[in-house]
Amino acid sequence: MKCDYDIVICGGGMIGAALATLLAPHGFSIALVDGHKPGRYDLSQKFDLRISALSPKSAQVMQQSAAWEILQGMRLCPYKRMRVWEVAGFGDLTFSANQVGVAELGHIVENRLVQLSLWQALQSNDNVKIICPASPEHFHRDGKTMRIDLDTGQSISARLVVGADGAQSKVRQGFGVGVNRGQYQQACLVASVNTQLGQQDITWQRFVNTGPQAFLPLLGQHGSVVWYHQTDHARALANLTNVDLAGEIMAHFPAELGAIEVTEKASFGLQKQHAQSYCMDGMVLVGDAAHVINPLAGQGVNLGFQDVSSLAETLKKARNSGEDWSTIGVLSRYQKQRKLANSIMLHSMDAFHHGFSQTGTKSKWLRNMVLASAKVPLIKKQIIRYAMGI
Ligand SMILES: Cc1cc2nc3c(=O)[nH]c(=O)nc-3n(C[C@H](O)[C@H](O)[C@H](O)COP(=O)(O)OP(=O)(O)OC[C@H]3O[C@@H](n4cnc5c(N)ncnc54)[C@H](O)[C@@H]3O)c2cc1C
């Protein structure tokens, strides 16, 4: 039976849209379904709260279409150094781009602008139809054809349904895929700030008893402050006025921050979640639909970009060799490449979170030894390469 599309991607966030940019130029016909359009961009807009540290490997995915160039024409901020330290500890560690001979370690980007630039890059491709606003309601299987009923009353068919619809994935639930999940007793406050100090090229993270405190630079004298705390406390901070919150941040954050003005703020609960399976015949999961990790090291979306690269390569190779690329036999090659790697990152973030939550002297000594050992040049270079995804 002839399908309307080869692939329906449910969720056109950063990950679903990136997958469409990799597959459409290779002849796959795609429908990208999302409930919301990314807002348009203009230079006078305030910086968004939802930002990410995009690794060079993720940037490489966007460079395969016009998306990266479009994003560069909007705004993004390169960073050249990363510093990690613990209050009163001796493991103060700074990683820098020139230690591995590259221009930058990554870019701080606004999530909406990454999504918008990917959507704009897709507009010139006839193989992609964006269906928005729309949500999938039901999924049916008819032999090798997957049928998706949308809340618009429309029904579309494809050989493969991709779940790129985030942590609460309807695709994952609709196909009955279970998850292992856990909740951290912490939340993080995220605040957009104007800084009195000039533009900075460093991201830093300081560990204190209550949780990490971090700074991510944005263009000009702007940045993002992230403050992990017990859930109630993080929520209470988010409910303060901007002026009172700025006072609290300046009283508790390191001197590196200087004077700040808060322009926007919100708190986010922290969770971990991993799908028990990434695929079955006619269905596959990518990005947060498959895995949600503690954002401590800012790796969530970068794992999603690696999923996208791996899945696109798997599908292209299988199709070129004449295989039925929508079957579990092919899709499980992608799962094999990504599930263990994502699981290792999820558990590393867990260990990091718990390791830094212990207040005993022995634990403190141990984690400072770990930070200090990372000063050994060879180990340091390896850590930088791992963080950059190279
Ligand atoms: C506080 C915080 C800070 C973070 N910081 C970083 C960081 O610095 N670096 C990093 O790499 N990661 C970070 N992350 C993680 C990162 O934000 C996620 O990994 C990333 O957004 C996942 O992208 P995604 O496209 O898979 O899912 P999403 O961003 O959730 O996108 C899902 C898309 O699907 C659409 N959708 C969902 N459900 C439906 C539906 N039923 N119908 C139609 N459309 C639907 C949505 O509209 C959306 O467009 C952070 C997360 C948090 C909570």
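Every read-out reported here was derived from the displayed coordinates using simple, explicitly stated rules and does not represent laboratory data. Model, not experiment: these values are computed from the prediction. A quick note on method: Cβ atoms are made from the backbone with ideal geometry, for glycine too, and the neighbour counts reach across all protein chains shown.
Annotations for the structure displayed:
- Rg/Rg_ref, the stretch 212-288, where Rg_ref = 2.2 N^0.38 Å and atoms are Cα: 1.53
- Using the Cβ of G247 as centre and a radius below 15 Å, the other residues enclosed give a net charge of -2, where K and R count +1 and D and E count -1.
- q = 0.10, 0.11, 0.18 Å⁻¹, the stretch 225-340: log10 I(q)/I(0) [Debye, one scatterer per Cα]: -0.50, -0.56, -0.89
- Acute angle (nearest 10 degrees) that the helix 300-320 long axis makes with the longest principal axis of the chain, alpha-carbon atoms: 30
- Computed label-point distance, nm, for sites N242 and L197 using a 7 Å Cα→Cβ extension: 2.2
- Peptides 207-219, 261-273, 14-26, 156-168 ranked from most to least packed, by the mean per-residue count of other Cβ atoms within 10 Å: 14-26, 156-168, 207-219, 261-273.
- The shape of the chain can be summarised by an equivalent ellipsoid whose semi-axes, obtained from the alpha carbon gyration tensor, come to 37, 22, 20 Å from longest to shortest.
- Each peptide in 131-143, 98-110 was scored by the mean count of other Cβ atoms within 10 Å over its residues; highest first, the order is 98-110, 131-143.
- Computed from label points 7 Å out along Cα-Cβ, the spacing between K317 and D92 is 4.7 nm.
- Rounded to the nearest 10 degrees, the angle from helix 361-373 to the longest Cα principal axis of the chain is 70 degrees.
- For the chain, size of Cβ-based charge dipole, Lys and Arg +1, Asp and Glu -1, in debye: 1060
- Under the convention that each Lys and Arg Cβ holds +1 and each Asp and Glu Cβ holds -1, the size of the dipole of the stretch 76-122 around its Cα centre is about 100 debye.
- Cα-based Kirkwood hydrodynamic radius, the stretch 26-136, one decimal, Å: 16.4
- Modelled spin-label separation between Q72 and H354, with each label point placed 7 Å from Cα along the Cα-to-Cβ direction: 4.4 nm.
- Relative to the dominant Cα principal axis of the chain, helix 377-388 is inclined by about 40°.
- Within a Gaussian network of the chain (alpha carbon springs, distance under 10 Å), most fluctuating of L118, L346, L150: L150
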